[in-house]
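Here the structure is laid out as structure tokens; the discussion comes afterwards.
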Amino acid sequence: MKSILSLQSISFSYNGATKPILEDVNFELKEGEKIGLVGPNGCGKTTFLHICVGLLKPVSGKLLSYGRPVVSEKDLLELRKNVGFVFQNPDDQLFSPTVLEDVAFGPLNLGLNRDQAEKQAKEALELVGLKGFEDRITHKLSGGEKRLVSIATILAMKPKAMLLDEPSTGLDPETRQRIIELLNRLNIALVIVSHDWDFVAKIASHFFTIENQRLIKIEKAVLHQHMHYHPAGNIPHEHL
């Protein structure tokens, strides 16, 4: 399998802070892989995704797409053709008056004509179960519907990989299950960032977490280990 993107010895800190958010991170996403990145809020998961799609520039290390360093604006554009990013908050992703306009925006930016872009947008909406939503007003949709539309905006561009930041946040059980089934059906690589252990476990086959600023691979057997607040401190435990 080809490597869609890789991070080599990546370190990152905000505004010149002496303590890094990420340090010496190495990561590779191959075609078709489904990877879960789990961990508590504030450990650097979103920062990691932003580096993967070039929204943040690392202090040191290299970002590569299909083995080629991502350096220039042209390199970034090529990376984003292959790797789509679904924001944690759908309102950060959806800005057009209607659903069809939102979903067709990406294909139009890739150079497709209006008919081609709308065709791919309608196919993506059908894929996420929102056929018939084309003329709906985006800002009047429910939170779950907005989440599905935001995923459709990426699928309409036919990427090789999709990165999702906390895709299960705020969803009702029915929509949560719809998204689990959708992500399992997709034939593209996925990186799913979440603190929802059970959601990730139902989709991904490889799992990572971030501890002490470093990316660490973990086994599914310990995926359900998580932290709870107690007066004596944070105590990890395992579900039986």
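Derivation of every value follows stated rules applied to the coordinates shown; laboratory data play no part. Note that the coordinates shown come from a computational prediction; the quantities given were computed from them, not determined experimentally. Please note: Cβ atoms are built from the backbone with ideal geometry, for glycine as well, and neighbour counts cover all protein chains shown.
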Inset, instruction - Taking H placed 1.01 Å from N in the peptide plane, check which residues at least 5 places from Gly36 or on another chain put their amide H under 5 Å from its amide H. - result: Ile192, Ser205, His206, Phe207, Phe208
Legend entry - For Met162, residues with placed amide H under 5 Å, excluding near neighbours: Gly84, Ala189, Leu190, Val191
Inset, instruction - Run a plain Debye calculation on the stretch 1-141 (Cα atoms as equal point scatterers, no solvent) and give log10 I(q)/I(0) at q = 0.10, 0.18, 0.19 Å⁻¹, rounded to two decimals, same order as the q list. - result: -0.44, -1.13, -1.18
Legend entry - Whole-number percent relative contact order across the chain, with pairs defined as alpha carbons under 8 Å at least 6 apart: 25
Legend entry - Candidate values [x] 17.3, 55; [y] 18.2, 61; [z] 18.2, 69, label of the one derived for Rg and Dmax of the Cα atoms in Å: [y]
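Taking every DSSP beta bridge with both residues inside the stretch 3-223, roughly what % is antiparallel (nearest 5)?
Details: 19 of 37 bridges.
Bridges in the stretch 3-223 that DSSP calls antiparallel: roughly 50 percent.
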Inset, instruction - Go ahead and set up a Gaussian network model of the chain, Cα springs under 10 Å, then flag whichever of Ile203, Ile192, Ile137 fluctuates most. - result: Ile137
Legend entry - Farthest toward positive dipole pole in the stretch 3-223 [+1 Lys/Arg, -1 Asp/Glu at C-beta], among Thr175, Leu77, Gln93: Leu77
Legend entry - Within the chain: Cβ-based charge dipole about Cα centre, in debye rounded to nearest 20 (Lys, Arg +1; Asp, Glu -1): 500
Legend entry - Estimated dipole of the stretch 1-108 in Debye, rounded to 20 [Cβ of Lys and Arg +1, of Asp and Glu -1, Cα centre]: 340
Inset, instruction - Place the peptides 122-134, 37-49 in order of packing, highest mean first, counting for every residue the other Cβ atoms within 10 Å and averaging per peptide. - result: 37-49, 122-134
